[in-house]
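J.: My structure is below; once you've seen it, I'll send some questions.
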Amino acid sequence: MASNPTCKSLQKQVTELQYRIKELSWKPSVENEVKRPPSNEKNVVYVQKDRKVPKFSGYNFPVEDWIEDVNTVLHAREMSRQERADFIYLQLEGSAKDEVKYRSHLVRQSPDQILEILQDAFGVKDNITKLQKNFLDRVQKPNESLREYSYVLMDLMSKITNKDSTWMPNKEKTLCDQFSQNVQDSYLRKHLKQIVRAQSHIPFLDLREEAIMWSEEEEYKDKKYNTKTKSETTDTVPEEPTTDVCASKDKTDSSSEQSDKFNQLLGIVQKQSEQIETLTKIVNTKQQPTSYNSRYNRFEPQRRTLLCFRCNEPGHKIADCPVVNSKKSGNG
């Protein structure tokens, strides 16, 4: 008779079954790893060569920039001469396409001739003399960075060499001279001239980087000096006053405010007194009697004293003359 299983034995069986399950689940993965052959594959990164070139119509952007983009794409692709010519023609539209479309079949098969036609038709129309003048007269503008100024010089140089590649046998030297002599900062100008004299064959981009570094260092020095000056000014500020000093200062400020108000009121009173005095003088002047000869009474008739033409005595007329009346009384 089989004995009844105890709790302890059942627990042991459960533990054994769990180990068995883990063993069975682990075994296939191990076998797969053993059977899997070692991989000799390498991760390869593919670079897309299908760089898009924008359509060129003749006037949408400079033909020199477009030709440079086309040459970059053609250099990255393996194409025959005819394929290169067809590729260039497919990137044309409008006036640019018509300029090539009506050329001979031999011209349309040559990529170099197509680009030359486009350069002549839509390139810079200025003659070589004007381009040279633009280059030699170009100076750094007030709000123009050193990088921007260098880009302008290189662009002008490119236009000149496209017109006449023999005009400047040493482009780097010409760019360095023009750049060093026409930067805006006089101290930087002096510094660059010293470098050009000491290193006559220095590349233009190296000279430009030296100029940018020098400019940044000077800017840093200025900021550091301004910060130091500001710090020294802050250190010289007097210490914060105590409570008693603050209270005394408040009283002083209050007294000062009252004094200011009193002075303002005093000034107003003085002005009013002056106005009253002026008005009083005007009134008194108007109340004074005026003579008959004044301009206000010049038309008023003056009173005359009666004069007798008989006896030449004042105070009566001939009709009232006492001499005449006495004679009449005597005759009567």
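No value in this document is a laboratory result; all are computed from the given coordinates. On a predicted model such as this, the values are computed, not experimentally measured, just so you know. Neighbour counts run over all protein chains shown; Cβ positions are idealised from the backbone, glycine included.
J.: In what sequence, highest mean first, do 310-316, 106-112, 94-100 appear when ranked by Cβ atoms within 10 angstrom? Could you put the intermediate results ahead of the total?
T.: Values: 310-316: 11.4, 106-112: 15.0, 94-100: 16.6.
The most tightly packed comes first, giving 94-100, 106-112, 310-316.
J.: For the range 183-197, just list the computed ³J(HN,Hα) in residue order, Karplus coefficients 6.51, -1.76 and 1.60, θ = phi - 60°, integers in Hz, with x standing in for Gly and Pro.
T.: Values per residue, Gly and Pro as x: 5, 6, 6, 5, 5, 5, 4, 5, 5, 5, 4, 5, 5, 5, 5 Hz.
J.: Sticking with this structure for a sec: Show the residues, 5+ positions off or on another chain, whose built amide H is closer than 5 Å to the amide H of Gly58.
T.: Under 5 Å from the amide H of Gly58: Ala96.
J.: Give Lys173/Lys221; Lys52/Lys173; Lys130/Lys171; Lys159/Lys190; Lys133/Lys159 a once-over and call out the pairs whose C-alpha atoms are over 24 Å from each other.
T.: From the list (Lys173/Lys221; Lys52/Lys173; Lys130/Lys171; Lys159/Lys190; Lys133/Lys159), the Cα-Cα distance tops 24 Å for Lys173/Lys221; Lys52/Lys173; Lys159/Lys190.
J.: What are the ³J(HN,Hα) values, in whole Hz, obtained from phi via the Karplus relation 6.51 cos²θ - 1.76 cosθ + 1.60 with θ = phi - 60°, for each residue of the range 166-180 in sequence order, with x given for Gly and Pro?
T.: Result, rounded to whole Hz: 8, 5, 10, x, 10, 5, 4, 5, 5, 5, 4, 5, 5, 5, 5.
J.: Farthest toward the dipole's positive end in the range 63-122, which of Val70, His105, Ala121, given Cβ charges of +1 (Lys, Arg) and -1 (Asp, Glu) about the Cα centre?
T.: It is His105, whose Cα lies furthest towards the positive end.
J.: If you don't mind, there's one more thing I want to ask. Compute the Rg to Rh ratio over the range 128-231 from the alpha carbon atoms, using the Kirkwood formula for Rh, and round to two decimal places.
T.: Details: Rg = 15.8 Å, Rh = 14.8 Å.
Rounded to two decimals, Rg/Rh equals 1.07.
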